[in-house]
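One structure is given below, encoded as structure tokens.
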Amino acid sequence: MKNTPVVEKDYNYYKNKLIKEQESDKNASILIWVIIGVITFLEVLVLIFFGAFVSNALSELGLPEAIAIVSNIILIFILIVSNFSFACKQMILKKAKMNWWGMYIPIYKEYLMYQVSLDKGWYFLLPTACLYLINYSSNYADLVSQMGVVCLTALGAITIVVLKIYKNISLARRFEVSPILTVLFPFVMYPIIALNSNVRDTYQ
């Protein structure tokens, strides 16, 4: 009986803490989608005005305006899908209790994505090093033999592909989803990880 007040105090503390975390998590989710929605809306407006300008220019040249209209529709679709994928990555970071706003910082966002998937953020330097290796081998072909250029380019490309596959597998294991599907269909599995409330971070 003497311990009852302490137990109730601890229970109320953790209960209130959980409620605050849920409210903060909900507010962060709303903020993510509001920001992405505003950005997407502004970008679509720019594309619409640009498409209208191109259509007028084509009509003055006697070319069909349908070319500009179809191209603009394709660009808008790609833009919406790209921004949706960007928002899903932020939601994944939020689930992992990381700084989701870091996705708006160029280098930091790469560090965060490797941190959430491989738990080693510095791995983001490896693709950069591989791209530099490929660029070096192509720009300095006179210093490297033709076979050397091919080998360095292939080594860099294979390393990037293997690292990307390993990153997706590790991310799938962290959130307990299918690694095979995450590797083959990341554009489907990333939204599932981000938006499915039943998918939880096993590291927490």
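The values are calculated or read from the model by the stated rules, or taken from the named source; none is laboratory data. The shown structure was predicted, so the numbers you read here are calculated from the model rather than taken from an experiment. As a convention, Cβ positions derive from the backbone with ideal geometry for all residues, glycine included, and neighbour counts pool all protein chains shown. All accessible areas refer to the heavy atoms of the entire protein, side chains included, with ligands and DNA or RNA removed. Shrake-Rupley method; radii C 1.70, N 1.55, O 1.52, S 1.80 Å.
Data for the structure
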quantity	calculated
Which numbered condition Val54 misses (of (1) part of a helix (DSSP H, G or I); (2) exposed (fewer than 15 other Cβ atoms within 10 Å of the Cβ))	(2)
Selection from region 171-200 of residues that are open to solvent by 20 Å² or more (accessible area, probe 1.4 Å), in contact (Cβ under 8 Å) with a residue 40 or more places away in the chain and within 21 Å of Tyr123 (Cβ to Cβ)	Tyr190
Ile78, sole failed condition from (1) open to solvent by 80 Å² or more (accessible area, probe 1.4 Å); (2) within 21 Å of Ser117 (Cβ to Cβ); (3) among the aliphatic types (A, V, I, L, M)	(2)
Yes/no for Ser71 being surrounded by fewer than 16 Cβ atoms within 10 Å (Cβ to Cβ) and touching a residue at least 40 places away in the same chain (Cβ under 8 Å)	no
Lone unmet requirement of (1) modelled with pLDDT of 80 or more; (2) part of a helix (DSSP H, G or I) for Lys97	(2)
Subset of region 16-51 that is among the charged types (D, E, K, R) and open to solvent by 100 Å² or more (accessible area, probe 1.4 Å) - its residue that is modelled with the highest pLDDT	Lys26
Whichever residue in region 100-125 is surrounded by 15 or more Cβ atoms within 10 Å (Cβ to Cβ) and over 13 Å from the mean Cα position of the chain (by Cα) and, among such residues, is modelled with the lowest pLDDT	Gly121
Single residue of Ser59, Ser82 found to be over 30 Å from Met189 (Cα atoms) and free of Cβ contacts under 8 Å to residues at least 40 places away in the same chain	Ser59
